Every structure is written in structure tokens, then in C-alpha cells.
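Asker: If you scroll down you'll find the structure; I have some questions about it.
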Amino acid sequence: MRKGFTAVELMIGLIIMSLLLTALYRTFSATRRNAAEIVANHSINDDLDRTLLRITDDIRESNLILPGFPEAVEPMEVSTLATNKNNKLKFEKFLYDYSKDPSTLAAGEVNYTKNEITYYLEPEDDQDPNSPWTLQRSLLPYNNKKQPENSQASVYTILRGIRECVFYRLNEQHTSGGGNVYIRLKLTRIDAEDETKKYSNEITISVKERGANPE
């Protein structure tokens, strides 16, 4: 009766064990890579949603979207719009002081202050024509004499790594979407070596102006 294993049997056992461990490792590595891909893709979607929600809230809280910021275009021109430094979204938020009677104020004073908010884009690398863009939000406060308080102005970075961002309005004032602000935002992952495998997501939203100019 045999009481052990031969050298050949031990070698076969080791080979089988090695194959099993290799297969398990490859499965684990593939699962981990897939999980990392899913997380990275979800991050793109989350950044898009968070940014668009921030802009939407800003517009809905505003009193006035300044004419020409953004410019109105014909529907057929929308597909030709491209990201550039001159494409801006600019609006004003008024902050009323109801404790002051407008009739008692000095000449040139009003019973409110306001914040002028601007969304604009800057390339991350001016020397690279294919550079991604950064979305900035600037805030310029005005006092109750309608004078800008430049010393209190601020600029905040909203989002980096933007592949495309366009603000526009449509020349259709008498339609359901006329006068609305449209925002087209696209993000693309830049960490994939193969261009065809880079995950992208593009969203276009329309936001209706709710406020009104107090004057």
C-alpha cells in the first residue's frame, strides 16, 4: 500500500495549484479594473449633474439675465456652436432691504444691493489647441448706490477637464423654449490610452428665467 506521493504527482499538483491561483488572480484583477472603470465613469456623470444643478439654481434665483450673455442664435446654428472664451452666462441677483423706505433714501440710493454673477470658460493650457476647459464662476457685488465693490469680487473654479461647454439662447421668443437659457456640457475621461475607449457624457438642459428687474 502506498503511503505518499511520487515526485511526478507532487509536480502535477503544484502545476494545477499554480494554474488555479493564476486564474483566480486574473479574475480578481479584471474585476477590480472593471470596478475602477465603473467608479470613474460614475464620477463623470456626478460632475455633470452637480455642475448643471449649480448653474440651474443660480439662474432660477436670479432676477435678470443680462442681454447678450449668452447670445441668442437660430436653431439651425446650435450644432455649430463651440466652446470659447467669449461665450459667457451673466446674470444679476438682487438683495432687498425691506427695512428701508425707498422714498426716504438719498439721491442715487436704492433699497437693494446686487451680485453680478458670470460663468465663463478658460483653457487649461493656452498652448494646446485640444486642451480641456475650466469653468469659472465670478461674483461682483454692487452696493446700494449701484457701484461695484471691486475689492470684494471673487472667482471660484466650478469644474475642470471640460471637453465642451456652450451657453446660448434661441431666437424664438414666442415659443415654449424662447428666452430660456440652454447649457450644453460634455465631459470625457482623459485617462484611457485608446481614444475610442474614453467614456464621454454630454447633457443639454434648458432653464427658464424666473426673476424680474426691480426697475
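The values are calculated or read from the model by the stated rules, or taken from the named source; none is laboratory data. Small disclaimer: the values here were computed from a predicted structure and weren't measured. Cβ sites come from the backbone with ideal geometry, for glycine too, and all protein chains shown count toward neighbours.
Asker: Residues T113, T83: which one is in contact (Cβ under 8 Å) with a residue 12 or more places away in the chain, closer than 22 Å to E202 by Cα and not aliphatic (A, V, I, L, M)?
Answerer: Matching residue, one of T113, T83: T83.
Asker: Select from segment 99-126 the residues that are under 18 Å from R163 (Cβ atoms) and of a type outside the set (D, E) and list them in ascending order.
Answerer: Y119, Y120, L121, P123
Asker: Looking only at segment 53-73, which residues are within 19 Å of L185 (Cα to Cα) and acidic (D, E)?
Answerer: D57, D58, E71
Asker: Are there any pairs with C-beta distances below 7 angstrom linking a residue in segment 136-148 that is over 12 Å from I117 (Cα atoms) and in contact (Cβ under 8 Å) with a residue 24 or more places away in the chain to a residue that is acidic (D, E) and part of a loop (DSSP other than H, G, I, E, B), with the two at least 6 apart or on different chains, and if so which?
Answerer: Close Cβ pairs (under 7 Å, with a partner that is acidic (D, E) and part of a loop (DSSP other than H, G, I, E, B)) amount to N143/E149; N144/E109; K145/E109.
Asker: Looking at D47, is it at pLDDT below 90 and in a loop (DSSP other than H, G, I, E, B)?
Answerer: no
Asker: Let me ask something else. Yes or no: E164 modelled with pLDDT under 85, acidic (D, E) and closer than 27 Å to V207 by Cα?
Answerer: For E164, the condition - modelled with pLDDT under 85, acidic (D, E) and closer than 27 Å to V207 by Cα - is not met.
Asker: Is segment 55-69 home to any residue that is among the small types (G, A, S), within 25 Å of the chain's Cα centre (by Cα) and either at pLDDT below 90 or under 30 Å from D125 (Cα atoms) (or both)?
Answerer: Yes, some residue in segment 55-69 is among the small types (G, A, S), within 25 Å of the chain's Cα centre (by Cα) and either at pLDDT below 90 or under 30 Å from D125 (Cα atoms) (or both).
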